[in-house]
Each structure stands twice: as structure tokens, then as C-alpha cells.
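Everything below concerns the one structure shown next.
The values are calculated or read from the model by the stated rules, or taken from the named source; none is laboratory data. Worth saying up front: this structure is predicted, and the values here are computed from it rather than measured. Note: ideal-geometry Cβ built from the backbone for every residue, glycine included; neighbour counts use all protein chains shown.
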Amino acid sequence: MVKFNNIFIMVVILASGVMASLAQKKISPPRHVPGYPLHLLHCARRVEDECGREIFLGMFQKLSVSKKCCLQLIKKMGKTCHDDLDKAVVHLPEYSSRSSMAIPKGNRIWHKCALSHIGYLLGRSGLY
């Protein structure tokens, strides 16, 4: 668990470096600057390490996200944090070459989890 937290902290630090280099190249920084790295760290900590790992790996591999982790993604992390983390990760040099695959897969993960959560809510209400 501690090891995965270290990975997220490293991602935030690397994302900060990417943002600094983008600023030097006069490319518009993300809308959350100046607190963007802290925002990313806060977002990453909203889900359990296991779920963060599932969601992250799901962007780059053929892995599904469990119902438990979908629930955390939808209810705890939220769409804005999910999108911001996805974008930050694909701006890192080691993942940028796969951004055309990772961003759409991140969106599919979100939509699949959202639909699953809606189905769950409808089932509990007796409407589904």
C-alpha cells in the first residue's frame, strides 16, 4: 500500500515538472494552477491504493475495474479528478506515447463505472 502511495506522489512530482516545462514553452498550463500538483495528490488519495492501481492499469492494459473500485471512482474521486489524473499521467514522458489509447480507455472506464453505478441505484430503488 505504501509503495503505491509513493508511485502517486512520484506522478504528482513528475506532473509538476511537466507543467513547469510546458510553462517555459509558453503552452497553457492546466486550469488548476497554481495548486495543481496538490489537487492531483488530493484526487489520488480519494480512492484506495488497490483501486487506484486498477483504474491506472485499466488505462494501459486489458484489465477491468472491479465493482468496488468503480464505486470509489464515481462516489469518492469524481469525474473532474479522474480526468485531471488521466491527463497528468499521459503528459509524463514514459506514458505520453500511449496517450491516444489511454485517454479514451480512461473515458470508457468512467462511463462503464457510471452506468454500473446507475444500474445499482435503480436496482436498489426497485425501478430496475
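For region 31-61, name all the residues that are modelled with pLDDT under 90, surrounded by fewer than 17 Cβ atoms within 10 Å (Cβ to Cβ) and either of a type outside the set (K, R) or farther than 15 Å from T80 by Cβ (or both).
Within region 31-61, H32, V33, P34, G35 qualify.
Considering only residues that are among the polar types (S, T, N, Q) and at pLDDT 90 or above, look in region 100-124 and name the one that is farthest from G58 (Cα to Cα).
Checked region 100-124; the qualifying residue farthest from G58 (Cα to Cα) is S100.
Mind counting the residues in region 71-105 that are part of a helix (DSSP H, G or I) and surrounded by 14 or more Cβ atoms within 10 Å (Cβ to Cβ)?
Within region 71-105, residues that are part of a helix (DSSP H, G or I) and surrounded by 14 or more Cβ atoms within 10 Å (Cβ to Cβ) number 21.
For region 42-70, which positions are in a helix (DSSP H, G or I) and farther than 13 Å from V89 by Cβ?
Passing the criteria: H42, D49, E50, C51, E54, K67, K68, C69, C70.
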